[in-house]
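Contents: one structure, followed by commentary.
Taken together, the values in this text are just the output of simple stated rules run on the coordinates, not laboratory data. Predicted, not measured: the structure shown is a model, and the values here were computed from it. Positions of Cβ are generated from backbone atoms using ideal geometry, with glycine treated the same way; all protein chains shown enter the neighbour counts.
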Amino acid sequence: MARIVMKFGGTSMAGTERIRGVAARVKREVDAGNQVAVVVSAMAGETDRLVGFCREASPLADPREYDVVVAAGEQITAGLLAIALQSMGMKARSWLGWQLPIRSSSAHSVARIEDIETDAILESMARGEVAVVPGFQGLASDNRITTLGRGGSDTSAVALAAALKADQCDIYTDVDGVYTTDPRIVPRARKLDRITYEEMLELASVGAKVLQTRSVELAMKEKVRVQVLSSFTDTPGTFVVDEDEDMERELVAGVAYDKNEAKVTLVRVPDRPGVVAAIFGPLADANINVDMIVQNIAKEEGTTDVTFTVPKTQLPQSLDVLAKAHGAIGYAQILSDASVAKISVVGVGMRSHAGVAATMFRALADRGINIQAITTSEIKVSVLISEEYVELAVRVLHTAYGLDGPAKGDS
């Protein structure tokens, strides 16, 4: 007998018919003799609807009350799934975040899970009950409901799997696994049987939307074995595993892209100690996430240009913060460009192979794609390019690293 946590996303829970389909999948695991806990998201579109109500009520809604409203979507699907399971003759009950409880920080709308009390749910599962838990929500130290941010149900599932010491955490989505890149752009993209935690974390952080970044971080920290698979087919998924388990590692695991990037350039910044802190300190204080940073060699007159990227949604706020800090920084001009995108190649094989970046630069140059900024990590190379070349760049790099699989219909 195994202990399994199954998580179903919003598309999987979109309506009572699909919820019955989820219940049938859960029943198969129970009939196989496994103990099962299920984590559910709100129905597709429901969280956006609830957020819209909050904004209509007040553009500056109290974040504590905001969380009360937006957490309701998962409560509904948890109850409906428990009802569907019971209608199939199974023992099931829903557990809201405050009933376990799932303890979290008090950072409303972006809370982090701190602890999950499992005694009651383990006793329930030992009696043969399926535990249905709403994702995305927790309980702060003042007993107020919190939410974990978009995609937070993935984190809820991994955290519950870790707390229950589950054998596996299955994340059911509308895709059947992790691909070498977006198959909508590259029809020859291949589904991976396995991918390491580090590769998945890097891919999630640079634009791949299969798993939420925080959920992968937690899985890696707690050694939770995760599988990504489809709610709508019975094909095997992709396992996210330790590097030691991934024996057939490729040089590059995948190519990702992110169009939510904007470039900011401060022109003729004084080249003196402390000026960089004067730029990025106020941005950090405003909780603006800075990604790529490029500082040019100092010019003869003792000035330099500093270029960096921020999320496109935070560009107006970034420009406002920098305008207010103009006196402390002393730049001559500020330029911005929201028509850029980040392209990344990721793979643990980079640790032991030279020339990965050179292959990327050569492939893009051969197609006339200009690189505006570069950033690297031990297993990742990212470049900033014009947004108009995103699809071409993804296809070119996918081929350059030998990731293309057979075309659809090929035997």
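Nearest 5 percent is fine: what portion of the DSSP beta bridges confined to the stretch 1-141 is antiparallel?
Looking only at bridges with both residues in the stretch 1-141, the antiparallel portion is about 20 percent.
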Exercise for the section: Holding the Cα-Cα limit at 23 Å, pick out from 7/165; 27/191; 27/209; 209/380; 191/221; 221/342 the pairs that are longer than that. Expected result: 27/191; 27/209; 191/221; 221/342
Exercise for the section: Of the listed values [x] 5, 20, 26, 25, 17, 6, 1, 0; [y] 5, 22, 31, 27, 12, 3, 0, 0; [z] 5, 23, 32, 23, 10, 4, 2, 1, 1, 0, grab the one calculated as P(r) over Cα pairs in 10 Å bins from 0, in percent from the structure here. Expected result: [x]
Practice task
Per DSSP H run of n ≥ 4, the term is -39500 (n - 2.57); total these for the chain, divide by its residue number, and report the mean residue ellipticity at 222 nm rounded to 500 deg cm²/dmol.
Solution key: -10000 deg cm²/dmol
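Work out the FRET efficiency for residue 326 and residue 223 from their Cβ-Cβ distance, taking R0 = 45 Å, and round it to the nearest 0.05.
Calculated value: 0.40.
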Handout entry: Phi to ³J(HN,Hα) by Karplus 6.51 cos²θ - 1.76 cosθ + 1.60 over the stretch 25-32, Hz, x for Gly, Pro
Key = 5, 4, 4, 4, 5, 5, 5, 7
Exercise for the section: Pull out a ≥ b ≥ c, the square roots of the eigenvalues of the alpha-carbon gyration tensor of the stretch 227-351, then state rounded if a/c is under 1.5, prolate if not and a/b is larger than b/c, and oblate in the remaining case. Expected result: prolate
Handout entry: Centroid-to-centroid separation of the stretch 40-104 and the stretch 15-36 [C-alpha atoms, Å]
Key = 20 Å
Problem - Mean Cα-pair separation over length for the chain, i.e. relative contact order, pairs under 8 Å, 6 or more apart, % - result: 14 percent
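Multiplying the sequence separation of residue 143 and residue 295 by 0.36 nm and subtracting their Cα-Cα distance, what value in nm do you get?
Result: 50.1 nm gained on full extension.
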Fill in the blank from the handout: Computed over the chain: longest principal axis from alpha-carbon atoms vs helix 356-366 long axis, angle to nearest 10 degrees, is 70 degrees
